[in-house]
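The values are calculated or read from the model by the stated rules, or taken from the named source; none is laboratory data. It should be emphasised that the depicted structure is a prediction, and the values quoted were computed from it without experimental measurement. Quick reminder, even Gly has a Cβ in these numbers, built from the backbone with ideal geometry, and neighbours come from all protein chains shown. Surface accessibility is based on the protein's heavy atoms, side chains included, excluding ligands, DNA and RNA. Shrake-Rupley method; radii C 1.70, N 1.55, O 1.52, S 1.80 Å.
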Amino acid sequence: MNIVLAASEAFPFCKTGGLADVVGALSQQLAGRKPNKVLLFLPHYRNIRRVSSLKVVPGVYLIPVGDKIEQVSLSYINWGNVLVFFVGNRKYFDRPDLYRTKLGDYLDNDERFILFCRAVLEGCKFVGFRPDIIHCHDWQTALLPAYLKTVYKLDAFFTRTRSLLTIHNIAYQGHFPYSTFEKAGFHPADFTSDKFEYYGGISFLKSGIVFADNVSTVSPNYAKEVQTDPSMGFGLEGLLKFRSKNFYGIVNGIDTEIWDPEIDTLLPIGYDVSSFSKNKPVSKQYLQQQLDLEENPQKPLVGVVSRLDYQKGLDIAASVMERLHERAQFVVLGCGDPMLEKQYRDLAKKYPADIAYEGKLDEELAHQIYAGADIFLMPSRFEPCGLSQMISMKYGTLPVVSKVGGLVDTVTGYKEGADNDAATGFFINTFSENGIYNALDKALNVFEDKKMWNKLVKNAMLQDHSWDKSARDYMALYQKTISY
Ligand code: ADP
């Protein structure tokens, strides 16, 4: 199958969150399955990593954005079996960050991703690759299915091409004013509420949901929530319900070449399910030393690796940490909301022996936290899939998670008095400060029962959250999509 993935980020080239991990790992998985041919298109941002051997496709091509004509160039690298194309346009992509500055979103994000969507389609022609399927991700590439069904409807090059849009987080939709609709070049007659129009402007994500042949999101439970619960659907619940026959939930996997405590070279010593009780404490001690926490093997260590954002519920978790700091240590690695960053900086200053905060993106420290912590906290208000809970389970660090989205699909909650033969973590039953407190309290109590704790750790480490199954599910969905 000829597959194009179009996305605004992919690990290891450019990353702000889980989307990048998913796109990177999925593209590799798909390309590893013969006879697939996989092209991945990304914007050529200034700080693309790992591209010393970039090659340039000779020539440039032109893309209209509003009443301007923009030049686009393509560079590429062979990444395993994936051919990665970087869409180059200095004006739009040669910037320090992907989407925003400290002051807020780039004001021309609409133009940047109009250009990108059209440049992917024209790029396929430029390199002579006819896709059977174009798999788009999130609002940044959601106009692409709309272009296929409108501007490119009669283009013979794409007659066989079908589209799948995957929603990684419905809270980000790409809403812009009417002028953006005009810049995108769609026919004015299509500015209707059943197509592009959204509260007088254009919504990129809505347009993608309307026009994509199939739509998916990153867990079955989140797929249910966004259709039925207005607080989860962020205004698109009605449309998703309308498209429910074409709406699927496929859980993400984790890349086990990056996330496996047995082969992880960033840890002081590796471990697996038979050696964790001996070797995992070495990682804990290393982490405590590195963060200047009290070196105490007995004290449970709770880790957080997360964007600091309303979604993640860490605003209300801070006071729980303060309440529990005598019973447990906490380490928070994350950046984002400046108010939250300050809250955690202050907290760490107040209790330096028990609470550590690192306000940066740090892959290495993230690995050390997944390995060195005993418990991983994820009190999300909503969570489309979540990768961190799967990573932490793989590292034998038991997740304490909200009962939402993909967390429900991937964690099996501990039940008091039950045998817990399948349990892999703890659920926060009600989303509130006390709810988080109670769940952590329960986890800390079970931590004292070493027999039960080790059983849960083993259960968690033995879960298979590798990409293999998810990639098979995506292939099946691609087959269904191209049969339309
Ligand atoms: P989301 O995509 O909503 O941010 P996920 O749980 O799906 O959340 O994925 C988050 C990914 O980003 C995980 O791989 C996590 O380890 C990583 N991550 C988040 N914050 C940081 C950070 N400050 N440093 C390093 N990695 C981070």
Top-ranked residue in segment 349-368 [being of a type in the set (A, V, I, L, M, F, W, C) and out of contact with any Asp or Glu (no Cβ under 9 Å at 6 or more places or on another chain); ranked as surrounded by the most Cβ atoms within 10 Å (Cβ to Cβ)]
Ala366
Please state which one of Lys469, Lys455 is of a type in the set (D, E, K, R), closer than 27 Å to Ile250 by Cα, part of a helix (DSSP H, G or I) and out of contact with any Lys or Arg (no Cβ under 8 Å at 6 or more places or on another chain).
Lys469
Please verify whether Ala318 is in a helix (DSSP H, G or I) and away from the ligand (no atom under 14 Å from the Cβ), treating the condition exactly as stated.
yes
I'm trying to understand the selection: among the residues of segment 239-255, which are in contact with a Pro (Cβ under 9 Å, 6 or more places away or on another chain) and in a helix (DSSP H, G or I)?
none
Would segment 164-174 turn up any residue that is within 16 Å of the ligand (Cβ to nearest atom), of a type outside the set (Ser, Thr, Tyr) and surrounded by fewer than 19 Cβ atoms within 10 Å (Cβ to Cβ)?
yes
Kindly establish whether Tyr271 is aromatic (Phe, Trp, Tyr) and out of contact with any helix residue (DSSP H, G or I) (no Cβ under 6 Å at 6 or more places or on another chain).
no
Would you point out the residue of segment 1-14, among those that are at pLDDT 95 or above and open to solvent by 10 Å² or more (accessible area, probe 1.4 Å), that is nearest to Val72 (Cα to Cα)?
Asn2
Please count how many residues of segment 379-403 are more than 10 Å from the ligand (Cβ to nearest atom) and either surrounded by fewer than 24 Cβ atoms within 10 Å (Cβ to Cβ) or assigned to a helix (DSSP H, G or I) (or both).
4
Please identify the pairs in which a residue from segment 349-365 that is farther than 10 Å from Phe330 by Cα has its Cβ atom under 6 Å from the Cβ atom of a residue that is more than 7 Å from the ligand (Cβ to nearest atom) and in a helix (DSSP H, G or I), counting only partners at least 6 apart or on another chain.
Gly359/Glu341
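Would you say Lys458 is at pLDDT 95 or above and surrounded by fewer than 16 Cβ atoms within 10 Å (Cβ to Cβ)?
So Lys458 passes the test.
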Scanning segment 347-378 residue by residue, those within 11 Å of the ligand (Cβ to nearest atom), within 22 Å of Asp315 (Cβ to Cβ) and either in a loop (DSSP other than H, G, I, E, B) or modelled with pLDDT under 95 (or both) turn out to be Gly359, Lys360, Leu361, Asp362
Looking at Phe116, Phe196, Phe186, Phe157 in this structure, which one is over 27 Å from Leu19 (Cα atoms) and buried (at least 16 other Cβ atoms within 10 Å of the Cβ)?
Phe186
Flagged pairs (Cβ under 7 angstrom, 6 or more apart or on separate chains; first in segment 269-280, closer than 12 Å to Val457 by Cα; second assigned to a helix (DSSP H, G or I) and of a type in the set (Gly, Ala, Ser)) are Lys280/Ala371
Residue selected from segment 414-451 under the condition in a helix (DSSP H, G or I) and within 19 Å of Ser277 (Cα to Cα), by the criterion most open to solvent (accessible area, probe 1.4 Å)
Lys451
Within segment 321-346, work out how many residues are open to solvent by 40 Å² or more (accessible area, probe 1.4 Å), in a helix (DSSP H, G or I) and either within 30 Å of Gly104 (Cβ to Cβ) or modelled with pLDDT under 95 (or both).
6
Since Arg50 meets every condition but one in (1) surrounded by fewer than 16 Cβ atoms within 10 Å (Cβ to Cβ); (2) closer than 30 Å to Ile250 by Cβ; (3) modelled with pLDDT of 95 or more, which condition does it not meet?
(3)
Looking at segment 70-84, I want the residues that are without any contact (Cβ under 8 Å) to a residue 12 or more places away in the chain and have a partner that is in a strand (DSSP E or B) and open to solvent by 40 Å² or more (accessible area, probe 1.4 Å) with Cβ atoms under 9 Å, at least 6 apart or on another chain. Which pairs are those?
Asn78/Lys55
Might you let me know whether segment 15-24 holds any residue that is assigned to a loop (DSSP other than H, G, I, E, B), more than 16 Å from the ligand (Cβ to nearest atom) and open to solvent by 30 Å² or more (accessible area, probe 1.4 Å)?
no
What is the number of the single condition among (1) on the phi < 0 side of the Ramachandran plot; (2) within 9 Å of the ligand (Cβ to nearest atom) that Gly336 does not meet?
(1)
Checklist (1) within 18 Å of Ala184 (Cβ to Cβ); (2) open to solvent by less than 50 Å² (accessible area, probe 1.4 Å) applied to Lys91, failing item:
(2)
With criteria (1) closer than 20 Å to Thr166 by Cβ; (2) surrounded by 17 or more Cβ atoms within 10 Å (Cβ to Cβ); (3) more than 16 Å from the ligand (Cβ to nearest atom), Leu74 comes up short on (1)
Answer yes if at least one residue in segment 281-300 is open to solvent by 10 Å² or more (accessible area, probe 1.4 Å), within 16 Å of the ligand (Cβ to nearest atom) and more than 21 Å from the chain's Cα centre (by Cα), and no otherwise.
yes
Contacts under 8 angstrom Cβ, first residue in segment 122-140 being open to solvent by less than 50 Å² (accessible area, probe 1.4 Å), partner among the basic types (Lys, Arg), 6 or more apart:
Cys124/Arg130; Phe129/Lys37; Asp132/Arg160; Asp132/Arg162; Ile133/Arg162; Ile134/Arg162
All but one of (1) of a type outside the set (D, E, K, R); (2) within 16 Å of the ligand (Cβ to nearest atom); (3) part of a strand (DSSP E or B) hold for Pro12; state the number of the condition that does not hold.
(3)
